[in-house]
1. Write down the percent of antiparallel bridges among all DSSP beta bridges whose residues are both part of chain B, to the nearest 5.
2. Which FRET efficiency value, to the nearest 0.05, do you get for A:ARG95 and B:GLU58 by plugging their Cβ-Cβ distance into 1/(1 + (r/R0)^6) with R0 = 22 Å?
3. Please compute the net charge surrounding A:SER57, taking Lys and Arg as +1 and Asp and Glu as -1 over other residues with Cβ under 13 Å from its Cβ.
4. Can you give me the relative contact order of chain B as a percent, contacts being Cα pairs under 8 Å and 6 or more apart?
5. With charges only on Cβ, +1 for K and R and -1 for D and E, what is the dipole size of chain A about its Cα centre, in debye, rounded to 20?
6. Convert each backbone phi in the range B:63-78 into a coupling constant with the Karplus relation 6.51 cos²θ - 1.76 cosθ + 1.60 (shift: θ = phi - 60°), then list the ³J(HN,Hα) values in order as whole Hz, x for Gly and Pro.
7. Relative contact order (percent) for chain A, with alpha-carbon contacts under 8 angstrom and 6 or more residues of separation?
8. Taking loop as defined by DSSP and a crowding limit of 15 other beta carbons within 10 Å, which GluC sites (Glu not before Pro) in the range B:4-79 fit?
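The values are calculated or read from the model by the stated rules, or taken from the named source; none is laboratory data. What you see is a predicted model; the values in this text were computed from it and never measured. Cβ placement follows ideal geometry from the backbone for every residue including glycine, while neighbour counts extend to all protein chains displayed. For the accessible areas, the whole protein counts, side chains as well, though only heavy atoms, and no ligand, DNA or RNA atoms are used. Shrake-Rupley method; radii C 1.70, N 1.55, O 1.52, S 1.80 Å.
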Amino acid sequence: SQTIHQWPATLVQPVGSPLSLECTVEGTSNPNLYWYRQAAGRGLQLLFYSVGIGQISSEVPQNLSASRPQDRQFILSSKKLLLSDSGFYLCAWSRVHEQYFGPGTRLTVT
Amino acid sequence: DAKTTQPPSMDCAEGRAANLPCNHSTISGNEYVYWYRQIHSQGPQYIIHGLKNNETNEMASLIITEDRKSSTLILPHATLRDTAVYYCIVRVDFTGTASKLTFGTGTRLQVTL
């Protein structure tokens, strides 16, 4: 069976500090991978998606970047965090139809 | 992707069927109807999807009208653990491409004793 991991589960970072969130998928090959963000009390917003190693598509311009160094690894990064980067970050994977989400990382920028 | 309209909230008594409606009057012929739910502080969970025919799995049933302009998600015996925000999403899917989901505001289902 397939499993998706995200870490850390929670993170508190000061404004201006760097960020690295990691997501890995087990039990499948060549998945499509996604990063979403959910701000407090808001809906989910798609940030990035990837259909293969090194292939990244950005949905919204922002202070974040994504990379896919391996088939089942997806990384979300920032060089300098802003207060507005606070939120619940979710990684997901899919094949054709259904999408499966990880447990999420709750980021608070102070 | 076609726009969807859902009621903001619904209540359901535990053990009864929960029927969650979704309008998607601008749906096109190759767009699927998806349902996801998000329990508080967790990631969304896939429930079911369909194109034209009604679908059933271990979690729920999906009833799509003949003109495909609306659908209903049915949780046959709701439990307290089904309390969540339910999202109806309409989109086209192609093999080999990313399945970009646009989550609206959904329906907040509250299951009560």
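1. Of all bridge pairs located within chain B, approximately 85 percent are antiparallel.
2. 0.65
3. In short, +1.
4. Relative contact order, chain B: 36 percent.
5. It comes to approximately 200 debye.
6. Karplus-based 3J(HN,Hα) across the range B:63-78 equals 10, 10, 5, 4, 7, 6, 7, 7, 8, 9, 8, 10, 9, x, 9, 5 Hz.
7. Value for chain A: 36 percent.
8. Those satisfying the criteria are B:GLU14, B:GLU58, B:GLU66.
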